[in-house]
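First the structure, in the form of structure tokens, and then the observations on it.
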Amino acid sequence: MSGQGRVTLGVLLDSLGAEAVTALCLPSGRQAMVGAPVIHGCDEPMTAFAGALLLVTGRPEASLPASAAEAGASAVVVRAGLGDAAALTEAARDAGVALLAAAPGLSWGQLYALVDALLALVAPASDPGGAVDLFTLANQVATRVGGAVAIEDLAMRVLAYSTIGGQPIDELRREGILGRRVPEHPTHAEEYAAVLRCEEAVWSHEPREFLPRLAIAVRARGEALGTIWAIQGDEPLASDAAAVLAEAARSAAPHLARLSLAADEARRTRNEWMGRLLRGTGHVDELAASLGLHPDEPVRVVAAGETGGRADVFAATHAADLLRTAYAAYRIGAAVGVVDGRTYAVVAAGAGTPLLRRVTADTLGRIAERLGGHWRAGVGRAVPSVAQVPAGARQADEALRALCGPLRGPCAAGEVGLHEELAAALFLMDAAASMRSGGALTGEPLSLVAEHDAGHGTDYVHSLRVWLAAHYDVPRAAETLSLHPNTLRYRLRRIGELIPLDDPDVRLVLGLQLRLAEIQASGASGGRIPASGASGGQARASGAGGAQVRASGTNGGG
């Protein structure tokens with residue numbers, strides 16, 4: 001819930017604009033107050049929603065408004081085109097609850113983020129004497145200059161935007177509103193740098209496929225805090241547009257300074273708490289309470305990062321903000337922060353794994369769209385209480401390491417992997433580290449076959465690889481090799497003279513050597529698979545097995 005509390009329905013409708021929501025029924029008028037957004041499924045039981053803005057998913061029944069009013073909701077938002085609009089409107093009027101319609105192309109998560117951001121930015125409606133809020137300022141500027149206006153912070157997050165009817169916007173502006181951040185574009189770095197270098201408003205004509213913009217930097221005591229952008233449509237902007245933007249920048253500066261200071265301090269404190277929780281230092285109950293967690297509830301830890309493994313604090317911070325908003329939108333209890341340049345979330349296990357996976361994956365996609373790169377998340381096993389979070393964090397790190405490496409197995413196509421799903425990949429990573437350090441990866445029994453190939457011009461290693469991949473099915477392997485099955489049987493007998501192929505341990509180690517050597521040869525591993533201390537026992541067992549096979553392989557070769 002926003003720290004600012006509530007706003008009037010009029011402010012909500014005017015700030016979000018008709019492209020997001022429209023009013024179907026306002027029994028108490030535009031001055032009625034609404035509070036935090038809550039996403040609620042039609043088939044879910046009603047609970048206490050004191051003053052909430054209820055975002056109702058699915059096809060609503062005519063009984064919905066009355067139930068929402070009884071639960072204390074201030075307003076209900078349904079999807080435009082779903083359900084009987086006339087019956088819903090009449091029921092809402094009788095129940096005395098406001099009814100709004102969400103645009104068909106706007107996801108519930110996006111609408112939640114828009115409302116949540118609005119509540120955080122708009123001054124409390126109970127303080128009519130307060131300074132003009134950023135949304136009102138954007139509308140005032142848009143009216144005076146004759147073009148749509150957006151106010152952004154230095155991270156290119158859209159803090160507020162105008163909603164004056166008839167002013168054209170382009171796809172860049174539309175995506176910025178829906179995503180709360182300007183989409184990535186190769187020209188942005190230089191364009192924003194040019195705006196921040198100048199004391200006055202400057203024109204921006206890049207990207208060329210979008211409408212031109214007049215922009216100015218917002219500063220306080222010489223320090224840049226953000227930018228204001230005015231779009232020029234079919235008609236030129238007002239002749240005094242540059243002066244209007246300069247005046248608006250001065251008005252916006254205190255808002256942006258306060259938001260920047262509050263956001264930075266809140267993030268710093270939250271990240272510090274998260275780091276202590278993940279490392280197991282500090283009082284667990286106090287940390288859990290500070291982060292909004294119940295100390296005795298089961299939790300999972302999520303670790304998110306780029307596949308390249310670079311620790312980018314800015315990117316991790318933006319990822320944390322998006323994950324925090326997404327989890328809150330779907331009522332997934334979570335504490336999210338950045339520790340050592342990586343994004344972490346401690347999530348209530350009761351949220352349900354499918355929902356957690358879907359929401360996390362969708363958010364990673366949005367992060368990649370805005371920041372670039374390939375983002376994935378590892379999820380640790382559920383631990384019984386917050387006190388076990390350090391163990392869950394280690395598992396989440398291991399799962400992320402497996403997802404970002406070449407051995408991710410059945411999760412190769414997904415962005416989110418559970419620790420329990422990645423057991424095979426984690427075992428192979430430990431085995432690879434052990435075999436490389438001891439020389440077993442290129443040693444016997446595989447080396448005996450490879451040496452024969454080098455000395456006699458045979459291709460027994462490839463035949464073995466195909467045969468093992470076919471689960472020892474000679475006809476199928478022969479078909480893959482374009483050989484007669486008897487020819488392959490002859491090769492296997494000759495290989496059996498070098499190593500004991502009938503020994504199941506030999507077959508197991510051959511499979512490991514071939515699989516790991518294949519990945520190493522392709523350059524996919526690149527030394528990015530460090531040994532996992534949590535699985536040291538597995539690595540030692542693999543090493544012992546390798547020594548045993550080398551002995552039997554030598555005997556067979558003799």
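I need the full set of residues from the range 408-462 which are charged (D, E, K, R) and at pLDDT 70 or above, in order please. If the condition is that a residue be charged (D, E, K, R) and at pLDDT 70 or above, then GLU415, GLU420, GLU421, ASP430, GLU444, GLU451, ASP453, ASP459 are the ones that fit.
What is the residue count in the range 479-504 for residues that are in contact with a Ser or Thr (Cβ under 7 Å, 6 or more places away or on another chain) and in a helix (DSSP H, G or I)? Explain how you work it out, then say what you get.
To start, the set of residues in the range 479-504 that are in contact with a Ser or Thr (Cβ under 7 Å, 6 or more places away or on another chain) comprises 481, 488, 491, 500, 503.
Right, trim to in a helix (DSSP H, G or I) and you get 481, 488, 491.
The qualifying residues number 3.
Sort through ARG324, ARG300 and tell me the only one that's on the phi < 0 side of the Ramachandran plot and in contact with a helix residue (DSSP H, G or I) (Cβ under 8 Å, 6 or more places away or on another chain).
Values: ARG324 fails: in contact with a helix residue (DSSP H, G or I) (Cβ under 8 Å, 6 or more places away or on another chain).
ARG300 is the lone residue from the list that is on the phi < 0 side of the Ramachandran plot and in contact with a helix residue (DSSP H, G or I) (Cβ under 8 Å, 6 or more places away or on another chain).
Report whether or not GLY545 is under 14 Å from ASP430 (Cα atoms), assigned to a helix (DSSP H, G or I) and either at pLDDT 80 or above or open to solvent by less than 80 Å² (accessible area, probe 1.4 Å) (or both). It is true that GLY545 is under 14 Å from ASP430 (Cα atoms), assigned to a helix (DSSP H, G or I) and either at pLDDT 80 or above or open to solvent by less than 80 Å² (accessible area, probe 1.4 Å) (or both). If we keep just the residues of the range 264-289 that are among the small types (Gly, Ala, Ser) and modelled with pLDDT of 90 or more, which is most open to solvent (accessible area, probe 1.4 Å)? Looking at residues that are among the small types (Gly, Ala, Ser) and modelled with pLDDT of 90 or more, I get GLY280.
Which residues, taken from the range 14-60, are of a type in the set (A, V, I, L, M) and open to solvent by less than 20 Å² (accessible area, probe 1.4 Å)?
Start the filter on the range 14-60 by keeping residues that are of a type in the set (A, V, I, L, M), which leaves 16, 18, 20-21, 23-24, 26, 32-34, 36, 38-39, 46, 48, 50, 52-56.
Those that are of a type in the set (A, V, I, L, M) and open to solvent by less than 20 Å² (accessible area, probe 1.4 Å): LEU16, ALA20, VAL21, VAL34, ALA36, ILE39, ALA52, LEU53, LEU54, LEU55, VAL56.
On the stretch given as the range 290-305, residues that are at pLDDT below 85 and either part of a helix (DSSP H, G or I) or closer than 18 Å to ASP340 by Cα (or both) total 1. Checking the range 342-353 against the condition returns no match, with no residue being surrounded by fewer than 23 Cβ atoms within 10 Å (Cβ to Cβ), within 12 Å of the chain's Cα centre (by Cα) and under 27 Å from HIS40 (Cβ atoms).
All told, GLY166 meets the bar of being of a type outside the set (D, E, K, R), surrounded by fewer than 17 Cβ atoms within 10 Å (Cβ to Cβ), on the phi > 0 side of the Ramachandran plot and part of a loop (DSSP other than H, G, I, E, B). When residues in the range 68-101 are screened for being assigned to a strand (DSSP E or B), touching a helix residue (DSSP H, G or I) at 6+ places or on another chain (Cβ under 6 Å) and β-branched (Val, Ile, Thr), 1 of them pass. Within the range 211-233, restricting attention to residues that are of a type in the set (Gly, Ala, Ser) and assigned to a strand (DSSP E or B), the residue that is surrounded by the most Cβ atoms within 10 Å (Cβ to Cβ) is ALA230. Condition check for ARG376 on (1) assigned to a helix (DSSP H, G or I); (2) of a type in the set (Lys, Arg); (3) buried (at least 22 other Cβ atoms within 10 Å of the Cβ): one failure, at (1). Would you confirm whether any residue within the range 26-36 is touching a Leu at 6+ places or on another chain (Cβ under 7 Å) and at pLDDT 90 or above? Yes, the range 26-36 has at least one match. Residue pairs whose Cβ atoms lie under 9 Å apart, separated by 6 or more positions or on different chains, with the first residue in the range 188-216 and closer than 15 Å to GLU171 by Cβ and the second open to solvent by 30 Å² or more (accessible area, probe 1.4 Å) and charged (D, E, K, R), are HIS188/GLU206; GLU206/GLU190; GLU206/GLU191; PRO207/GLU191; GLU209/GLU171; PHE210/GLU171; ARG213/GLU191. Restricting attention to the range 282-296, the residues being in contact (Cβ under 8 Å) with a residue 24 or more places away in the chain and out of contact with any Pro (no Cβ under 9 Å at 6 or more places or on another chain) number 5.
The values are calculated or read from the model by the stated rules, or taken from the named source; none is laboratory data. Computed from a predicted structure; not experimentally measured. FYI the Cβ positions are ideal-geometry reconstructions off the backbone, even for glycines, and counts take in every protein chain you see. These area figures cover heavy atoms from the full protein model, side chains too; ligands, DNA and RNA do not enter into them. Shrake-Rupley method; radii C 1.70, N 1.55, O 1.52, S 1.80 Å.
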